[in-house]
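What follows is calculated from the coordinates using simple rules that are stated; it is not laboratory data. What you are looking at is a predicted structure, and each value in this text was computed from that prediction instead of being measured. Glycine also receives a Cβ, built like all others from the backbone with ideal geometry; neighbour counts cover every protein chain displayed.
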């Protein structure tokens, strides 16, 4: 076992954490395959953390207990599939050192998943093209053109607010014109993301009926069901008087 851990440490370096208490634990965050020249793991879309508990009689008598946790961009079915693959790998390699095989098996599978399962939080439709993905510094996924449109609108708002403060001779502590917030968590987007968005050729703002209709047609079945449910609830509340109909009330007042 010690020789296996030495080899793994030489391969994965600081990514692999080994701890010894009553049992030996191996902890590694596994990313999908990326550009071999790109050592910035944070640019990769998917990851999962593998924790292996190695019993004292491993590998001859007992297999390691492997847990997958702290994933990003994976849905439950994919995590279940990864767990099944690990179980099969442990069974096939019983009595042998198996950690490297498990790690690389997961890495290969993550790369096959490729796309995050979350819908774009701006348009609420699925992300089906890897080239149309942008991940923010706070780890949220959007269509590039959706986030670019959002950033352009926010940039205009901030410029107007900044100019208004100057015109009214208010003291401005810092230039906030580039402090564009993430639509989900409101964390300030990094300057690199902003620069990429505002100069992106994929930028387009949906501002006419045709494009809005196209957006509606592309809604996922789940979103369509949600819309129908909300519309039914709205009509129900309206019939019970829970929704104020301004036009109707105005007619009653004038009558």
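General remarks:
- Protection-proxy order for peptides 102-113, 187-198, each taking the mean of Cβ atoms within 10 Å per residue, highest first: 102-113, 187-198
- Relative contact order of the stretch 2-113, taken over Cα pairs closer than 8 Å and 6 or more residues apart, is 24 percent.
- Kirkwood hydrodynamic radius of the stretch 42-131, Cα pairs, Å: 14.5 Å
- Going from the fewest other Cβ atoms within 10 Å to the most, the residues 96, 149 appear in the order 96, 149.
- Point-to-point label distance, residue 9-residue 33, nm (Cα→Cβ direction, 7 Å offset): 2.8 nm
- Cα-based Rg of the stretch 103-197 normalised by 2.2 N^0.38 Å, two decimals: 1.39
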